[in-house]
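Every number in this text was worked out from the coordinates using simple rules, so none of it is lab data. Predicted model only: the values in this text are computed from it and were never measured. Don't worry about glycine lacking a Cβ; one is built from the backbone with ideal geometry, like all the others, and counts go over all protein chains shown.
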Amino acid sequence: MSDLKITVIDHPLVRHKLSLMREKDCSTYKFRTLTKELARLMAYEASRDFEIETFPMQGWCGEITGEQIIGKTATIVPILRAGIGMLEGVLDLIPTAKISVVACVQRDEETLQPVPFFEKFVSHMDKRPALIIDPMLATGGSMVATIEMLKKNGCTNIKALVLVAAPEGVRVVNEAHPDVTIYTAALDSHLDEHGYIIQV
């Protein structure tokens, strides 16, 4: 899998929380809480290369030099419905972010391809970094479709945050959009015959 272009966030807190989430008897409340916490940690890593600029400001003891992120605030793009579970965690870290929405993506159970039916993007997409959020990157169809929608609306700085990824899906996204960086908490083993991610 060394040919895959993906960033696995190998942090003790991420690994710990993901294991708790994978527990067989994980309650709905616990699952939602962990999803939010993991999304926050992943957004921290994904925003690491946001460009900053200096500016003069009044500090406690007079004028000092401050730092701020350059340009338009990011847009967070949850793939509905599952991506909504990660939204609050990302907004905790980037509260000024604008929310765009993609609901493409009901998967056709026979072809395993995404069926697009709704998109809503904020203004100035060409000037904003976009963070796509979705818990799973399985076949890659939904992610590719979402990236294509973003690019058609002028977006050029795109990252994807997924809790769990399968190599097959990562490869599909890499081949279709090599300029998009994917962040995940875990790169699992493979997809089964139904297109579901298998950990082992």
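Structure notes:
- Sorting 7-16, 28-37 by their mean Cβ neighbour count within 10 Å, with the most densely packed peptide first, gives 28-37, 7-16.
- In order through segment 69-78: 3J(HN,Hα) via Karplus (6.51 cos²θ - 1.76 cosθ + 1.60), integer Hz, x for Gly, Pro: 5, 7, x, 5, 5, 5, 10, 9, 10, x
- Gain on full extension, evaluated as 0.36 nm per residue between GLU53 and GLU88 minus their Cα-Cα distance, stands at 9.9 nm.
- Between ILE69 and PHE31, the simple label model (points 7 Å from Cα in the Cβ direction) yields a spacing of 3.0 nm.
- Surrounding net charge for ILE147, when Lys and Arg each add one and Asp and Glu each subtract one, Cβ distance under 13 Å: -2
- Over 25 Å (Cα to Cα) - which of LYS30/LYS72; LYS30/LYS98; LYS17/LYS98; LYS98/LYS159 fall in this group: LYS30/LYS72; LYS30/LYS98; LYS17/LYS98
- Computed over neighbours whose Cβ is under 11 Å from that of THR156, the net charge equals +1, Lys and Arg +1, Asp and Glu -1.
- Most simply put, the chain has about 35% antiparallel DSSP beta bridges, counting only bridges with both residues inside it.
- Protection-proxy order for peptides 53-66, 144-157, 186-199, each taking the mean of Cβ atoms within 10 Å per residue, highest first: 144-157, 186-199, 53-66
- FRET efficiency estimate (nearest 0.05) - Cβ-Cβ, LYS151 to SER189, R0 30 angstrom: 0.50
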